[in-house]
Every structure is written in C-alpha cells, then in structure tokens.
Amino acid sequence: MQPVSGTGVMDIDLPSARAARVLGRGAMGTVFLVAADAEYALKVFDRRSHAPGRAEDAARRARWEVSVLSRLAHPHLPSLLGRAETPDLLAWAMPYCAGGDLNELRRAQPDRVFSPAAVRFYAAELVSALADLHAAGIAYRDLKPENVLLRADGHVTLTDFDLSRLLPPKSPSASTCTSASSPCSSATPSPTAPKPKPHGRQYRHLRRIFARSESSVAASSGHEPQHNLAWYLNRSDGGVDKLKKARSARASASSGRGKNHASFRSAASGGVACERSFSFVGTEEYVAPEVVRGDGHEFSVDWWALGVLVYEMAFGRTPFRGRNRKETFRNVLLREPEFSADVGRRWPDLTDVISRLLDKDPARRLGFSGGADEVRAHPFFAGVAWDLLGEVSRPPYIPPPADDTVACEGFGVVDYLQKLHQPPPQADGSPESLPEF
C-alpha cells in the first residue's frame, strides 16, 4: 500500500492484492486476509453482486462505512488503513482481528456462557467503544456478538458500520425528563429533517413479516394487512393504546430511495443531521422497542442492544427471542427479561444493569440522560479502570498465535471476485473450480 498524500490512509493497489484466505462473506462484501508488509483485513464491496436497482444504495452504505472508519481513533474501534476503488469494486483495509468474534467465543465456553467477570470485562470495553462513537455523533445501531471481534491481544473491537447513523449530540434539556408520565422527546425535531408519514411504502417491510402468518387471521377478523404493528402484536391482549403506528422503512438495499435515507445522505455530506432516525434497522433480537414501534430513535438504541448482549453473554440466549420474527417483536414490546431467583441473589448488580439497559421507555433507560458516564457509574462496573482498559486489564481469553502466515503467493483478490461472476461452464466442459479456503 502507498500513502495517499495528506492523509494517513494508504492507497491499495487492488489489482495486485493477494489474499491468504477468505475471512467471511456478507451482504456488504467479502473480507479477505491479506499479508503484504503486515497482515490486514481487506473488505471488498462488489457492485456486480447486487441487483441494478439496489446496487446504488448498497454502494452508498459501503461508502458511509469507509467514511465512519476514517473518523475513528479508539482502541476498541477499527481504523481505516487503506482504500481503493474501481468501476466495479470498492475496497477498504482494516486491522486484522485474529481471535474471531464474541459469538464464537461464547459458544466455546462451558455451558456456552461467560463468567460474570468476563461479562463485565467485555461489557466495559463495549461501553468504552460506544462512548467514543456517541461522542462523535454516531449511533452504531447494529450491536450484536457477531459484530464484536477479538484482536490478537484479546481485547475487542467493533466491526460493520454500514447501518450506523450520524446524529447531533443531545442538548442537556433534551436528555432529561421530569416525569415518567409526561411527554418526553430525546431531542427537538430538526426543521430540515423530513417527517415520516405513514404511507404504503413504509409498511412494506412489516407486511412482509406478517404476510404468511396473519393472512387467515386478517381475513377472519375483518382487518386489512395495512393495520399497524401494534394491532398485530396486541390483538389478543385487547390492544395497547400507547403503542403508535409503526412508520418505519427498512434501512437496506431495498429502501435506499426512502426519505430517511435522503436525510442520511445530507448528514453524511456535512448537512444538518436528523436528531432522531425513523429507519427500521438492526438484527431483530437486538432491536429496541422504539425501533419496532416506529417512534424514532437515537443513541439509546445502542444501550438497549448492550443490555441484550450482556444478557446473552451471561445466560447463553437472547432475552426476547420468539419462534418467529413476529413473536420476537412482540416479546421486545411486552415481555421483561427473565431471571431466576437464584441468579438475582447471586449477581444482583448483573441483573440490575440488564434490567435498566432493557427499560422499554428510552427516556428511563440507563444511558439516556447521562450517556456512557451514567452506564459506567452503575455498580456492576465497580472497580473497572476505565482509562486503563486496553493497557492494564487482562482479557479473559487471549487467542493462540494465529497460523495465517502466507506460505505461498496466495491468490489474487480481483481474480477471485471475477470468477464469482463467470457464467456456469457448459455441460461438456471441464470447469475450473474456485479455490477452497
């Protein structure tokens, strides 16, 4: 890689880049382990992998992730090492994390759970990472164990920022609420922010969720599919008046033309950012109630997701998982996290921090009023040396030395991706198979 003039980011010679192996594949591209002067992870977004109508939105998300990485300088957040672009490919380099992800590590533990001490360690490092993101005005919005990577030294770093959102910091008056029963907004609406309207496009995602499971019920009850999410989730309970209509648009390649994304582009380019987002984003088991309801959300969704993750690390499962997506959303809105009496007696601070992070009212949620400092002050984190997390604290697990050194020339990244788009060979031909990694 060659340095780009005036920046600390290197210019990657993509045509000559050679990888040791494929680290993973996802909606936003393929990640390769590249060994040049030093090992690094190279994430490559390929426009050819997306349908013509969705490629532009996916490319926008990829560019946004690169933009976020270029702003980060924190021990528990990745940095942008280099970038490259061709008409078909957008690639960016990040530090390689040799220890896998937190989900893999949890599954390798006895009973698939971490000890309370390990839970506290990983949660503390995630609080530190979220604090830095929020200070930069970035809501992460996709916290889950698969997005928490372990470095070679055992400390964690976040990955995948394509669903993150730029929001302005909350003013003191916007982050307090005198009464739990009084109306409380996380921020004053920006005059330039588009206001969501409950029209048909914004219901398409929800209609897909319920189309199969609710078709017969809707027909027999006389309700049309356009009814709001609250009705679907609460019809057997007599309804919950306070639940508002879900007015969300999925932040994915299929919704890039929505108004939420127009404001997102304005914010990313230096314009005035929305103080709340109305996009429906995230992984269903970690999505906050205000996202499901379509109320609009801000930084508190990350503290909710942290509560889900802490619960999962401690008990081996997420607290609201249902038999299907509909039931999961219903649980997110209506069910409280469950603890046995024994757990409550043995680890009261653990159960309390989970309960406070999983408060369904974002205005009462731990971290809403005081941000990361409020979370750090909880008794569960007593004794954590916050300023020395990366230097003094010994991680519960340190990965063994990686055996990923390239013993040969590896394979060309561009050639590998090109083969993925070659037409299938003729029946009488002898196809050249892709290398196995």
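Of all the criteria given as (1) modelled with pLDDT of 95 or more; (2) hydrophobic (A, V, I, L, M, F, W, C); (3) surrounded by fewer than 22 Cβ atoms within 10 Å (Cβ to Cβ), the one not satisfied by A55 is (1). Filtered by the rule that a residue be of a type in the set (S, T, Y) and at pLDDT below 80, the range 390-425 gives S393, T405.
For the range 78-105, what are the residues that are more than 21 Å from I12 (Cα to Cα) and either among the hydroxyl-bearing types (S, T, Y) or in contact with a Ser or Thr (Cβ under 9 Å, 6 or more places away or on another chain) (or both)? Don't jump to the end; show me each part of the working.
Residues of the range 78-105 more than 21 Å from I12 (Cα to Cα): 98-105.
The answer is D101, and nothing else.
From the list A385, A363, A377, A372, which one is touching a Ser or Thr at 6+ places or on another chain (Cβ under 8 Å), aliphatic (A, V, I, L, M) and free of Cβ contacts under 8 Å to residues at least 40 places away in the same chain? Don't jump to the end; show me each part of the working.
Numbers: A363 fails: free of Cβ contacts under 8 Å to residues at least 40 places away in the same chain; A377 fails: touching a Ser or Thr at 6+ places or on another chain (Cβ under 8 Å); A372 fails: free of Cβ contacts under 8 Å to residues at least 40 places away in the same chain.
Answer to the check: A385.
Would the range 49-72 turn up any residue that is within 21 Å of M10 (Cβ to Cβ), touching a residue at least 24 places away in the same chain (Cβ under 8 Å) and not in a helix (DSSP H, G or I)? Scanning the range 49-72 turns up at least one residue that is within 21 Å of M10 (Cβ to Cβ), touching a residue at least 24 places away in the same chain (Cβ under 8 Å) and not in a helix (DSSP H, G or I).
Of the residues making up the range 35-52, those that are closer than 20 Å to D88 by Cα and either more than 17 Å from the chain's Cα centre (by Cα) or surrounded by fewer than 17 Cβ atoms within 10 Å (Cβ to Cβ) (or both) are A41, L42, V44, F45, D46, R47, R48, S49, H50, A51, P52.
Can you name the residue in the range 8-36 that is in a loop (DSSP other than H, G, I, E, B) and touching a residue at least 12 places away in the same chain (Cβ under 8 Å) and is also nearest to A152 (Cα to Cα) among such residues?
To start, the set of residues in the range 8-36 that are in a loop (DSSP other than H, G, I, E, B) comprises 8-9, 12-13, 17, 27-28, 36.
In the following step, the residues that additionally are touching a residue at least 12 places away in the same chain (Cβ under 8 Å) were identified as 9, 12-13, 17, 27-28, 36.
Details: V9: 22, I12: 24, D13: 26, A17: 23, A27: 26, M28: 24, A36: 18 Å.
If we take residues in the range 8-36 being in a loop (DSSP other than H, G, I, E, B) and touching a residue at least 12 places away in the same chain (Cβ under 8 Å), then A36 is nearest to A152 (Cα to Cα).
Identify, please: which residue in the range 329-354 is of a type outside the set (A, V, I, L, M, F, W, C) and touching a His at 6+ places or on another chain (Cβ under 9 Å) and is, among those, farthest from V308 (Cα to Cα)? Outline the logic, then answer.
Within the range 329-354, the subset of a type outside the set (A, V, I, L, M, F, W, C) is 330-331, 335-338, 340, 342, 344-346, 348-349, 351-352.
Filter once more, keeping what is touching a His at 6+ places or on another chain (Cβ under 9 Å): 349, 352.
Numbers: D349: 15, D352: 13 Å.
Ranking the qualifying residues of the range 329-354, first place goes to D349.
The values are calculated or read from the model by the stated rules, or taken from the named source; none is laboratory data. A quick note: this is a predicted structure, and the numbers were derived from the prediction, not measured. Cβ sites come from the backbone with ideal geometry, for glycine too, and all protein chains shown count toward neighbours.
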